[in-house]
Every structure is written in C-alpha cells, then in structure tokens.
Amino acid sequence: NTEVIYDMGTALGQEARSYGINILLGTPNVNLHRDIRNGRLFEGYSEDPCLVSTLAPSLVKGLQAEGVAANVKHFAANHQETNRMNINEYITERALHELYFPAFKACVKAGVKTVMSAYNQINGVPCTENRVMLHDLLREEWGFEGVVVSDWNAVYHPAAALNAGNDLAMPGPISPEALTAAFHDGTLSAEALSISASRIAELAREYAKPAAGEISLAETDRAAYNVAAEGTVLLKNENILPLSSAACIALYGEHAENLLTCGEGSAGININRNVSFREALVERFHSVSVNQIADHSDTLIYVYSLAGREGNDRTDISVPTQITQEWETLLDEADSRNMKKILVLNISAPVALAGWEKRFDGIFCIFLPLI
C-alpha cells in the first residue's frame, strides 16, 4: 500500500522538521532480505526487488514533501552484519542490476536527495571507493544529483572515496590531514574535491533549516496505526477468528503485555505513545489474564517476540527450546480444556516453526508494530 508508506513518510518528515532534523537517515533501507539471519531485517522491506522498488519511493516522496532530505541506504548489497566492514561479496553484473540495484534506482527516480554508501566490498572494491557505482551508474546513468554519504566509518581511504564520488565521510568531525596530503601529492583530484564540496553546499542551502512546525499527534498516530495494521498478516485461521467480544483470554509471552515495537541499534526508537497489547485486549474482550489459564479461560494467545539489532546476526532461525517447551505445556492444557489457541509472531525476522504451526488454530504475524 504505497499510500500508507507515503503517509508514514510525511509523519516522519513532520516530526523531523519540528526537531530541526535536516536529513533522516535510512529513509528507506532498501537492502534485500537475502540472509534471513540478518539482525537488521526489521529496517528493510522484503527479499523481492520488485516489491521494494514499488514501496520505497513513496517513503522518499512523503518525507521530502515535508522539507526533510531522504536517505536511501546502504548502496549496495549490504545484507549481513557479521564482518560487515570487511566482507568482499562476489556478485555478477546481472544479479547486481536485476536484484540489488533496482530499489536504489527507483528512489533516485523519485528524487531522493542523499544516498548512503555501504561498508562492504563488491568484487574487490569497497562501496565507498567504487566509482563505477557512485559515478558512472548512480550519477551518469540514473541522474542522481544529490550527496553520497558514507555509512559510519565506512570510508577506509579518504582520497579514493572522494575520487570515486563519495562526497561526505561520516561521522564527523574528521581530521583533514589525509585529504590535505593527498591533494598536495596529486592523488586527490582537485575537481573531485570541488564537485563534492559544491554538492554538500547545495544540499545545505536547500535543507539546512531551523526547527519549524508542530507535531500533529492525531496525524502521526494515525499513520503509525495504519502502517502497523497494513503490515499485519493472518497466516492461519481454522474458523476461530474473529474472536467474540465474550472471549476470556489467557495471555502468555515475555513481551505479551508490551510488544516489541522496534529493533536495536542506529534504527532503534524509544517512544512514550505506544499502546499496551494487554490493555488493548482488555478493552475489547470479556476478560484477560496474564501468564495464567483461569478456570473460565477459553482462548490462549501466545506472543512470541524476537528482537533484532544492528551489528548482530542470528546463528539460526529456530525457536529457542525453552519457548517450545513452554508451548508444549500450554498447548496440552489448552487442548484438555478445548480452548482456542492463537500464536502472535511479534518478530523482527523470519522464524522456523518446525511443525508447531499445526498445534495453533490461528497465527498472526505482526512483525514490530510501532503503534
């Protein structure tokens, strides 16, 4: 739903402008879900380049409509956190153009103002030093006119990065000694330095603005709710859903009362406007007991939560043994009482249920719903 994504962008832009944020990083992260153990999947969209290319430009347009520069990342093929600053990925030209590049191209065509270059190497060349990518493809072929910003500490050789078209090395402040020396010995092109400086100055003229406007809680709450609702997937329903308002629910799970709403790392968000899952259920159903199957309980809802974080990948995609052991105990009791059994997957990345889905009557995947 591109309209929902656009509204999300305008809500983010409204909030960013009110705080004086000029560029909002990772808007969007379009790296494909190529390794489902990646700890950072919660930041992105899909394993499907067509779907990502359809959705991502809407976020760019919505954000920039509010006067905040969007930032598409990480260019390109940044698909794992393990050894992310040293890995050298061997990828064919066809795969690059059919899988890894389309979403970036779509965002450029949507007018994105900044592109973040990645940590990794592709075919032996660091992304921050890849002139074929940053100049020939991004600028000459696709027509990108904005600023290329490095990922944090992804510039390993400052002069080589500038010569390739990486305009800004982050984070700052950075000592100018390496660039000064390269300029004097001729290894840094004076033209490249001048062009990059001009690009950054132009971006600043357009977007370096003081805080302005106010946050509409009604609008931003609505946008967040719609994103969470549209992102919820009903995976299984054996004629038990929707539940009657007379349902008596036994609610289990480490984060059952307060869902995981975001992953950790540079994309982590702490908010004070989230709705407790338990309280939301209490408003709609006859009774809700937490971590207890009461005598009158007729429905078991188990929330399985899986966090994700930058800098860490999972070793596998299985559900931990302590969780499946708890499922076995609860499901056996629920079966003995002829209760309905619902699993809510509050997850940052795919999990292998390994047959446990057969024991539940209904399964929702709600991902990380920031509502």
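The values are calculated or read from the model by the stated rules, or taken from the named source; none is laboratory data. Just so we're clear, the structure is a prediction, and the values are computed from it rather than from any experiment. FYI the Cβ positions are ideal-geometry reconstructions off the backbone, even for glycines, and counts take in every protein chain you see. Note: areas computed on protein heavy atoms with side chains; ligands, DNA, RNA excluded. Shrake-Rupley method; radii C 1.70, N 1.55, O 1.52, S 1.80 Å.
In table form, for the structure just shown:
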{"quantity": "Residue pairs meeting the criteria (Cβ under 7 Å; at least 6 apart or on separate chains; first touching a residue at least 12 places away in the same chain (Cβ under 8 Å) and within 19 Å of THR232 (Cβ to Cβ), in region 36-54; second surrounded by fewer than 18 Cβ atoms within 10 Å (Cβ to Cβ) and among the hydrophobic types (A, V, I, L, M, F, W, C))", "calculated": "GLU43/ALA267; TYR45/LEU51"}
{"quantity": "Some residue of region 16-28 being open to solvent by 20 Å² or more (accessible area, probe 1.4 Å), closer than 27 Å to LEU99 by Cα, in contact with a Gly (Cβ under 7 Å, 6 or more places away or on another chain) and not in a helix (DSSP H, G or I)", "calculated": "no"}
{"quantity": "Region 102-125, residues that are in a helix (DSSP H, G or I) and either hydrophobic (A, V, I, L, M, F, W, C) or crowded, with 22+ Cβ neighbours inside 10 Å (or both)", "calculated": "ALA103, PHE104, ALA106, CYS107, VAL108"}
{"quantity": "Matching residues, region 16-37, being within 16 Å of VAL68 (Cβ to Cβ) and out of contact with any Leu (no Cβ under 9 Å at 6 or more places or on another chain)", "calculated": "ARG17, SER18, TYR19, GLY20, ILE21, LEU25, GLY26"}
{"quantity": "Among (1) among the basic types (Lys, Arg); (2) open to solvent by 50 Å² or more (accessible area, probe 1.4 Å); (3) within 15 Å of the chain's Cα centre (by Cα), the one test that ARG40 misses", "calculated": "(2)"}
{"quantity": "Total residues in region 209-241, condition hydrophobic (A, V, I, L, M, F, W, C) and exposed (fewer than 13 other Cβ atoms within 10 Å of the Cβ)", "calculated": "6"}
{"quantity": "Subset tally (residues that are more than 14 Å from the chain's Cα centre (by Cα) and under 23 Å from ARG309 (Cα atoms)) for region 43-62", "calculated": "2"}
{"quantity": "Complete set of residues in region 185-199 that are within 27 Å of ALA65 (Cβ to Cβ) and open to solvent by 60 Å² or more (accessible area, probe 1.4 Å)", "calculated": "SER198"}
{"quantity": "Residue list for region 279-329, restricted to those being open to solvent by less than 50 Å² (accessible area, probe 1.4 Å), assigned to a helix (DSSP H, G or I) and either β-branched (Val, Ile, Thr) or touching a strand residue (DSSP E or B) at 6+ places or on another chain (Cβ under 6 Å) (or both)", "calculated": "LEU281, ILE323, THR324"}
{"quantity": "In region 136-160, the residues that are within 16 Å of VAL72 (Cα to Cα) and of a type outside the set (Val, Ile, Thr)", "calculated": "LEU137, LEU138, ARG139, TRP142, GLY143, PHE144, GLU145, GLY146, SER150, ASP151, TRP152, ALA154"}
{"quantity": "Residue that is most open to solvent (accessible area, probe 1.4 Å), among those in region 333-371 that are polar (S, T, N, Q) and farther than 15 Å from TYR252 by Cα", "calculated": "ASN338"}
{"quantity": "Residue in region 192-213 that is under 28 Å from the mean Cα position of the chain (by Cα) and over 30 Å from PHE144 (Cα atoms) present", "calculated": "no"}
{"quantity": "Leading residue by the ranking (farthest from ARG84 (Cα to Cα)) among those in region 156-184 that are aliphatic (A, V, I, L, M) and open to solvent by 30 Å² or more (accessible area, probe 1.4 Å)", "calculated": "ALA181"}
{"quantity": "Test: residue in region 73-88 that is open to solvent by 30 Å² or more (accessible area, probe 1.4 Å) and charged (D, E, K, R)", "calculated": "yes"}
{"quantity": "Considering residues of region 242-262 that are surrounded by 15 or more Cβ atoms within 10 Å (Cβ to Cβ) and hydroxyl-bearing (Ser, Thr, Tyr) only, the residue nearest to GLN292 (Cα to Cα)", "calculated": "TYR252"}
{"quantity": "Lone qualifier among LEU99, LEU51 - being farther than 24 Å from MET170 by Cα, in contact with a Leu (Cβ under 8 Å, 6 or more places away or on another chain) and open to solvent by 20 Å² or more (accessible area, probe 1.4 Å)", "calculated": "LEU99"}
{"quantity": "Qualifying residue in region 57-72 (condition: over 29 Å from PRO210 (Cα atoms) and either without any contact (Cβ under 8 Å) to a residue 12 or more places away in the chain or surrounded by 18 or more Cβ atoms within 10 Å (Cβ to Cβ) (or both))", "calculated": "no"}
{"quantity": "Enumeration of residues in region 126-143 that are open to solvent by less than 10 Å² (accessible area, probe 1.4 Å) and either touching a residue at least 60 places away in the same chain (Cβ under 8 Å) or outside any helix (DSSP H, G or I) (or both)", "calculated": "LEU138"}
